[in-house]
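Quick one: structure below, then a few questions.
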Ligand code: TZP
Ligand code: MG
């Protein structure tokens, strides 16, 4: 088990999925809320089979992020879905989230070197790190990250300033990264096959899910195809 969080609510908690079982990593991104409550989106993502949910709130105050995290956490816990807080280590710790996701600058740029330094005796907080190329991936692995983000694969309006790393970096990750890693950036149901063909078996999708007419249905479509790809690997490996 990769984590059990302990937020003081009365919702019965399902066992949190191990990170190695996580395939579809979905987001509650405040830039895609369009008036919808964060906890409602979290519920729809869980219903659709998201395995992990990140709260990404680039323009929100600390207090707003804390409030959203506290509203989402009972929903994710009920489904056994891990909650990841983007950028805000202090809030991830305070609310008892399962993981914190940090960029290169947030982690290495802040002088941090080891994922273990973020944990304490009472906390099993996991760390995800964004990486944009092989050198960053090697450094993140050496730091003890629990998972890597590999992207942005394609240009995306959700992170407009970031240059695409292309499928070449996805292929490199498939050949070289032994911990869970998630391809991210501009991934849609239309280009998913190309991302899978490059070797990804775990993906993040933000706008393709949150801007879909039916959020849960969009999740289900991604999830089915990710599970099919993983299932095909397993049957090749067993010779069937
Ligand atoms: N990191 C790299 S690309 C990206 C982040 C947070 C945004 C992904 O969003 P979308 O809408 O799935 O392209
Ligand atoms: Mg960041």
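Every read-out reported here was derived from the displayed coordinates using simple, explicitly stated rules and does not represent laboratory data. Since we're looking at a predicted model, the values are computed, not measured. Note: ideal-geometry Cβ built from the backbone for every residue, glycine included; neighbour counts use all protein chains shown.
Using a Gaussian network model of the chain whose springs link C-alpha atoms within less than 10 Å, name the residue from 51, 87, 21 with the highest mean-square fluctuation.
21
Between residue 94 and residue 139, with labels modelled 7 Å along Cα→Cβ, what's the label distance in nm to one decimal, could you check?
Here the modelled spin labels are 2.9 nm apart.
Report the relative contact order of the chain, percent, no decimals, based on alpha-carbon pairs under 8 angstrom and at least 6 residues apart.
20
Next question, about the same structure. Neighbour counts of other C-beta atoms within 10 Å: give me 169, 154 arranged from fewest to most.
Starting with the residue having the fewest Cβ neighbours, the order is 154, 169.
What is the order of 63, 113, fewest Cβ neighbours within 10 Å to most?
Lowest to highest Cβ neighbour count: 63, 113.
Of 199, 96, 128, which has the largest mean-square fluctuation in a 10 Å C-alpha GNM of the chain?
Among 199, 96, 128, the largest mean-square fluctuation in the Gaussian network model of the chain belongs to 199.
Continuing with the same structure: Return 101, 240, 132, 88 ranked ascending by Cβ neighbour count within 10 Å, so the fewest neighbours appear first.
Values: 101 29, 240 6, 132 19, 88 22.
Least crowded to most crowded, the residues run 240, 132, 88, 101.
Report the relative contact order of segment 36-168, percent, no decimals, based on alpha-carbon pairs under 8 angstrom and at least 6 residues apart.
16
What Kirkwood radius, in Å to one decimal, follows from the Cα pairs of segment 19-237?
17.3
Pop a pseudo-label 7 angstrom from the Cα along the beta-carbon direction at both residue 123 and residue 211 and give the gap in nm to one decimal.
Going from the residue 123 label point to the residue 211 one covers 3.4 nm.
Can you give the FRET efficiency to the nearest 0.05 for residue 58 and residue 228, using r as the Cβ-Cβ distance and R₀ = 30 Å?
Efficiency, from the Cβ-Cβ distance: 0.35.
Hey, another quick one. Tell me the relative contact order for segment 17-91 as a rounded percent, counting alpha carbon contacts under 8 Å between residues six or more apart.
About 37 percent, as a whole number.
When a/c is below 1.5 the answer is rounded, else prolate if a/b is larger than b/c, else oblate, so apply that to segment 118-180 with a ≥ b ≥ c taken from the square roots of the Cα gyration tensor eigenvalues. List each step's numbers first, then the result.
Details: a/c = 2.85, a/b = 1.61, b/c = 1.77.
The shape class here is oblate.
Pick from 201, 67, 220: which is most flexible by mean-square fluctuation in a GNM of the chain where alpha carbon atoms under 10 Å apart are linked?
67
Sticking with this one: Where does the chain land at 222 nm, in deg cm²/dmol rounded to the nearest 500, when only DSSP H runs of n ≥ 4 count, each adding -39500 (n - 2.57), divided by all residues?
Counting only the DSSP helices, I get -11500 deg cm²/dmol.
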